[in-house]
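Reviewing the structure listed below.
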Amino acid sequence: MAHEEYPFLHRIRALRDICGEIRAGDIGGFVESESNLSAEPGDCAWIFDDAIACNDAYVDKGSSLFGESVACGNAYVSQNSALSAHARAEDDAYIRGSNLCGHARVSDCGMVLNSPDTGRAPILSGTSSVYGRVCGDVHLTGTALIISGEEICNDSLDTLVMDGKGRSVIRDPSRDELAPQEPEPQQKGHKERGQSR
């Protein structure tokens, strides 16, 4: 079935069960061609609702598009990323292990990446926009804007929040509690710290 507004887009239908969530015959969102969505065995990537992947955009490795979200241009949505509501990945955007919702947008050569060190991932919401690079536990909300060439990385244990008006940090209350240090395993031939030589 063709899209009402964009007749070059066609609604997808699952040809087989996909990761137990999608059954053979289930209807999904829209693509321009088969090359917009991974068909690799074992890949849980899917396009739901009225979401769209078109042009040379590619969705793979367990990622999903929901609502009326769009991946277009040469956008690459990978590694369990999720776009929902009216979120958009366009141009040469790269989304890895992250979540976009609301009217959030990643454009130009923008990159939104989970941290390889902590595994924590950015969340974009509101009308936030990324043209630069965002990595780690960063929440962009409201009208937050990361311009081309700008890089915001957060590999700390706290969450960095940017809302277009300022920056703040969300700390887990457990971070303010003190606990005894775990003893380090002793290596043979080394004296304990604090002993005199």
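Here are a few things to note about the model shown:
- Choice from P185, P116, P173 showing the highest fluctuation, given a GNM over the chain with Cα pairs closer than 10 Å: P185
- Only the Cβ atoms of Lys and Arg (+1) and of Asp and Glu (-1) were treated as charged; on that basis the dipole of the chain about its Cα centre amounts to roughly 720 debye.
- Residue of P122, P41, P180 that the Gaussian network model of the chain assigns the largest fluctuation, springs spanning Cα pairs under 10 Å: P180
- Amide proton proximity set for G62, modelled H, under 5 Å, gap of 5+: C44, A45, N80
- Heavy-atom accessible surface of segment 40-192: percent carbon and sulfur, 1.4 Å: 49
- Cα-based shape type of segment 36-130, given that a ≥ b ≥ c are square roots of the gyration tensor eigenvalues and the cut on a/c is 1.5: rounded
- Seen through its C-alpha gyration tensor, with square-root eigenvalues sorted a ≥ b ≥ c, segment 132-172 comes out oblate because a/c lies at 1.5 or above while a/b is not bigger than b/c.
- R171/R23 FRET efficiency (R0 30 Å; Cβ-Cβ; nearest 0.05): 0.10
- Reciprocal mean inverse distance between Cα atoms of segment 1-67 - Kirkwood radius, Å: 11.7
- For the chain, pairs of C-alpha atoms spaced more than 24 angstrom apart make up 47 percent of the total.
- By the Cβ distance rule of under 4.7 Å, the chain has these cysteines without a partner: C54, C72, C101, C109.
The values are calculated or read from the model by the stated rules, or taken from the named source; none is laboratory data. Note that the structure is predicted; figures quoted are calculated from it, not measured. Every residue, glycine among them, receives a Cβ derived from its backbone with ideal geometry; neighbour counts consider all protein chains shown. Surface areas here come from the heavy atoms of the whole protein model, side chains and all, with no ligands, DNA or RNA. Shrake-Rupley method; radii C 1.70, N 1.55, O 1.52, S 1.80 Å.
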